Each structure stands twice: as C-alpha cells, then as structure tokens.
Amino acid sequence: MTDATRLSARDALARVADPGTFGELPAPEGKYGPDGPLSWEGYDAARARAAARTGEAESVVCGTASVGGTRAVLVSFEFGFLGGSLGERAGDRIEAAYTYAREHRLPVVPLVATGGSRMQEGMRALVQLQRVARQSVLNREAGLPQVAVLRDPTTGGGWATLGAGADVILALEGAQVGFAGSRVRPADADPSAYTAEGQYAAGAVDAVVRPDDLAGTLARWLRLLTRPSDAPAPVPYALGRGDLPATGREAVLRARAPERPRAGAYLDAYFTSREAVSGDRCGGTDEGMLCGFGESARDGRTIAFAAQTGTATRPAGYRTAARMVRLAGRLGVPVLTLVDTPGAANDAEAERSGAGAAIADLFTALAASPVPVTTLVVGEGGSGGALALAAPDRTWATPDSYFSVIAPELAAAILKRAPEETDATADQLQVRPQDLEDLGAVRGIAQPAP
C-alpha cells in the first residue's frame with residue numbers, strides 16, 4: 001500500500017480530473033429510518049461519525065469531469081466512510097451516475113476503494129450488487145466504455161461488480177485487490193494473491209499503474225475508447241523482404257527465420273501509441289498474444305489489435321483476443337489482427353485449460369464482430385490455431401509468410417512419407433503467399449511502405 005492508494009474520494013478525483021472540471025452530481029433523495037433498514041443499534045451514530053470525519057454524506061462521490069480532455073462520469077469511493085461500503089443510499093448514487101452517463105453518452109470511471117457490502121443494512125445492502133451490475137450492463141449495451149481504477153483496498157462486491165466488471169481494469173501498485181478481504185480469507189492464504197500485482201499475473205487486471213502515472217494512463221484509455229469509426233483498419237505495410245518465395249519450403253523457412261520482423265515491430269510501425277489489454281479474466285495470461293487499443297499512425301483513428309508473436313498460442317491468449325474483439329465491437333472500434341503462430345499449444349496443460357473451447361470462442365467472436373476486422377499474416381500460419389485469429393474475407397499476407405492446413409513436416413509424417421519428401425509436400429500444400437492469393441485464402445500480398 002502507498003499513500004496514494006489510500007487517498008480520500010475527493011483527493012482521488014483531483015488526481016485524475018483536469019483542474020477545475022469536476023462537478024458533483026446531485027445526490028438522489030432518500031433517507032433511512034432510525035438506525036437503517038435493520039434498526040441496527042448505533043448505525044445512525046456510526047454514520048454521523050463517518051460524516052464528521054470525512055466530510056461526506058455517503059461512501060461514494062459521483063460527478064463529471066474532463067480527464068485529459070475527455071469528459072467522463074467519475075464514481076469515487078470514500079474508504080473513510082464505513083470502509084467505503086455499499087449500502088442503499090450509495091446504490092442510489094451509483095445508479096444515478098450510470099443513468100446520467102447513458103443520457104449524456106459518457107464513459108464511466110469507478111475509482112474503487114471498498115471493503116464490500118455494508119453489514120448494518122444486511123441483505124438490503126447486498127442486493128445493491130445486483131443493482132450496480134444492472135447499471136453496468138445497460139451502459140455496456142449502450143456502447144459506453146467503463147474503465148475501473150482499483151485503489152486500496154478493493155475487495156468484496158465492489159471488486160466483483162464495479163471493478164472486475166469493467167471493460168478495462170487499472171490497479172494502483174501495492175493495492176489490496178481480491179474478493180476476500182484481509183479479515184475473512186483463510187489464515188494460510190498466500191497474501192500475494194490478493195494484490196494488484198497478483199491479480200495482474202492471474203489475468204484479472206489489465207495493468208498495474210504507478211499513482212503518478214494514473215492520470216496520463218487513464219486519459220489515454222478514455223481517448224482511445226471513445227472514438228468509434230466505420231472504416232476498416234488499413235492493411236499494415238510489409239516490413240520484411242519484398243520478393244516472393246520460389247517454393248513452399250522456402251516460404252516456410254522464411255516465415256520461421258529468426259530475423260524476420262515480428263508482431264512488436266509491426267505494432268510499433270502501425271501505431272503512434274498504444275495501451276495493452278492483458279489477461280483472459282479466467283486466471284490466465286499468454287505473452288504470445290498481444291492485445292490492446294492504439295492510435296493509428298496512418299490516420300490517427302483508434303484501432304483495436306490482437307497479435308500473435310510467433311509462439312504456440314495458449315488458451316488464455318485466445319480468450320484474451322476474444323475479449324478484446326467483443327469490446328471493440330461494442331465500442332464501434334475497427335480491429336487489426338496479426339497472425340504468426342506455428343499453431344495452438346497442444347500440451348496437456350493447454351487441454352486442461354480448455355484449448356478447444358477457447359479457440360472456438362475466438363472463431364465465434366470474429367464471425368459475429370459488428371465492426372470490420374483486418375488481418376495480416378506476418379509469419380507462420382499454423383492451421384486452425386492461426387485461422388482462429390484471421391478475419392473471414394479480409395486477410396492479407398506478407399511475402400515472408402505462409403499459411404497451411406498443417407505443417408509440411410507433420411503432413412509428410414501423417415501420409416507416411418519419407419523425411420526427404422517434406423519439401424515436395426510443402427509444394428503440394430500450396431502454402432506460399434502467391435498460392436494463398438490464387439486459392440482465394442487471402443485477398444492479396446501486403447506491400448512495403450512507399
């Protein structure tokens with residue numbers, strides 16, 4: 001924990017909002033009966049002490065502000081007010097904030113710091129989680145982004161709704177993050193699992209951010225996620241060799257060459273800046289799949305991307321890509337995918353992690369995408385593990401790439417051919433870029449930059 005992660009609600013707002021732009025939304029009318037819905041003895045006094053200590057009437061402060069020039073609705077938790085807990089009146093405020101965001105077409109940024117539901121209100125407090133989840137769904141259906149910032153601590157229902165339910169999740173370094181708070185988790189639990197860093201490693205958080213970098217990071221995300229466009233992402237320029245391979249075997253060797261440009265080089269050339277989406281939200285990450293949103297160097301538009309880096313793609317990679325494709329579709333942002341994998345990971349752990357279901361989900365996400373998807377094969381196109389990331393009818397290939405139903409070596413083995421027949425098998429498979437164009441498997445061959 002750092003001092004910045006335990007800021008008050010208004011200090012947290014001041015840290016991210018452009019100076020002088022925050023305006024608080026009116027709090028909905030609503031009062032408790034004596035000591036709340038459960039007549040919990042001492043509840044009125046506890047709330048009065050919390051109000052005197054924090055200067056707030058409830059555990060959330062809601063309003064609008066500009067963040068790096070992008071107007072947004074901000075929902076900031078006051079942990080000093082009964083541990084930032086959610087009760088009925090806090091639910092009223094959050095519902096009103098999300099409704100305002102829909103009416104004015106604004107993104108929502110929850111600045112979360114909460115211990116969970118307010119026990120002095122019992123089930124009347126717990127059902128606020130359903131209420132908050134409903135508001136999140138309505139904003140998602142309206143195509144409005146939600147970017148959560150996890151402060152210290154973010155636990156219980158606040159993490160399981162406003163936090164984990166957001167489109168993009170930023171966590172402040174050192175923050176406690178987990179469904180189980182420190183007083184209710186098992187005594188022998190690994191404490192690292194309940195941290196921002198632990199949640200990032202488990203694929204539940206997109207980025208761990210230094211407090212001093214939060215305003216800039218949040219501003220970039222809001223800018224990227226609030227600029228829809230109808231035009232497809234332009235095909236990237238080819239960065240490698242410009243001549244075409246003479247044989248299938250040459251195509252395979254060129255695609256596998258260590259010096260051949262990889263996804264990172266293509267993304268650097270394609271974007272002036274980009275932010276990463278990380279993790280499958282199911283406990284996994286895959287460094288071999290790079291996903292996120294960036295600003296196109298070609299025309300300045302926001303383009304979402306998913307790029308394989310040349311390794312065997314793991315189930316978490318497919319799930320992360322599918323999550324990104326669906327988010328881009330909801331926000332109206334075109335998608336670019338870069339294909340480069342020898343195939344899907346096929347070890348036992350990949351099978352136990354649901355490889356088949358993860359690949360199927362990505363196929364489905366691309367097939368159902370309401371926004372245009374552009375694909376460039378930049379290296380190896382290894383069977384279905386590569387095809388899952390390829391756009392139907394909008395795929396191009398570079399001169400130093402290949403695409404095949406199966407690797408030539410494996411095809412020869414399955415056909416019970418001698419190893420020396422592998423080259424001839426590669427030719428039979430017609431894996432060269434020009435073969436793929438003739439077959440109609442790709443639209444064309446990417447050209448170098450002018």
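For the chain, modelled as a Gaussian network with Cα springs under 10 Å, which listed residue fluctuates most, 414, 303, 406? Comparing 414, 303, 406 in a Gaussian network model of the chain, the most mobile one is 414.
Placing pseudo-labels 7 Å out from each Cα toward the beta carbon at residue 367 and residue 18 gives an inter-label distance of 4.4 nm. Take the alpha carbon gyration tensor of the stretch 228-338, find the square roots of its eigenvalues, order them as a ≥ b ≥ c, and report rounded if a/c is under 1.5; if not, report prolate when a/b exceeds b/c, else oblate. Verdict is oblate for the stretch 228-338. Give, as ranges by residue number, the residues of the stretch 286-314 whose backbone N falls under 12 Å from the point 7 Å along Cα→Cβ of residue 231. The answer is 296-302, whose backbone nitrogens lie closer than 12 Å to the label point. Going by the alpha-carbon gyration tensor, a ≥ b ≥ c the square roots of its eigenvalues, is the stretch 31-173 rounded (a/c under 1.5) or, if a/c is not under 1.5, prolate (a/b greater than b/c) versus oblate? Cα axes put the stretch 31-173 in the prolate bin. With Cα atoms defining each centre, the stretch 243-257 and the stretch 170-190 are spaced 51 Å apart in the structure. Of the peptides 100-112, 188-200, 83-95, the order by per-residue mean of other Cβ atoms within 10 Å, starting with the highest, comes out as 83-95, 100-112, 188-200.
Which percentage, to the nearest 5, of the DSSP beta bridges contained in the chain is antiparallel? Display every interim value, and only then the final one.
Numbers: 24 of 62 bridges.
The answer is about 40 percent antiparallel.
Between 412, 316, 50, the GNM of the chain built on Cα springs shorter than 10 angstrom shows 412 fluctuating the most. Pairwise Cα distances in the stretch 248-445 exceed 22 Å for 46 percent of all pairs.
Subtracting the Cα-Cα distance of residue 35 and residue 421 from 0.36 nm times their residue separation leaves 130.6 nm of extension gain.
Its alpha carbons give the chain an Rg and a Dmax of 25.1, 87 Å.
In square nanometres, what is the average projected area of the Cα convex hull of the stretch 329-384? The partial results should precede the final answer.
Details: hull surface 17.4 nm².
The number I arrive at for the stretch 329-384 is 4.4 nm².
If R0 is taken as 22 Å, the Cβ-Cβ distance between residue 347 and residue 287 corresponds to a FRET efficiency of 0.90.
Tell me, rounded to the nearest percent, the portion of alpha carbon pairs in the stretch 125-272 spaced more than 26 Å apart. Here the long-distance tail beyond 26 Å is 49 percent of all Cα pairs in the stretch 125-272.
Of 145, 258, 408, the residue with the greatest mean-square motion in the GNM of the chain, using alpha carbon springs below 10 Å, is 258. Here the stretch 351-450 has an Rg and Dmax of 15.2, 47 Å, counting Cα atoms alone. Based on DSSP H segments of at least four residues, each scored -39500 (n - 2.57), the chain has a per-residue ellipticity at 222 nm of -10000 deg cm²/dmol. Normalised by residue count, the stretch 218-281 yields a Cα convex hull volume of 167 Å³ per residue. For the stretch 276-359, just say rounded, prolate or oblate: build the C-alpha gyration tensor, square-root its eigenvalues into a ≥ b ≥ c, call rounded for a/c under 1.5, and beyond that prolate if a/b exceeds b/c, oblate if not. Taking the square roots of the gyration eigenvalues as a ≥ b ≥ c, the stretch 276-359 is prolate.
At what distance in angstrom do the alpha carbon centres of the stretch 372-449 and the stretch 269-328 lie from each other? Spelled out, the Cα-based centre of one part sits 22 Å from the other.
Annotation for residue 71 and residue 449: the two label points, set 7 Å from Cα along the Cα-Cβ direction, are 3.7 nm apart.
Each value in this text was obtained by applying a stated rule to the coordinates, not by laboratory testing. Not measured: the values here are computed from a predicted model. Heads up, the Cβs are rebuilt from the backbone with ideal geometry, glycines too, and the neighbour counts pull from every protein chain shown.
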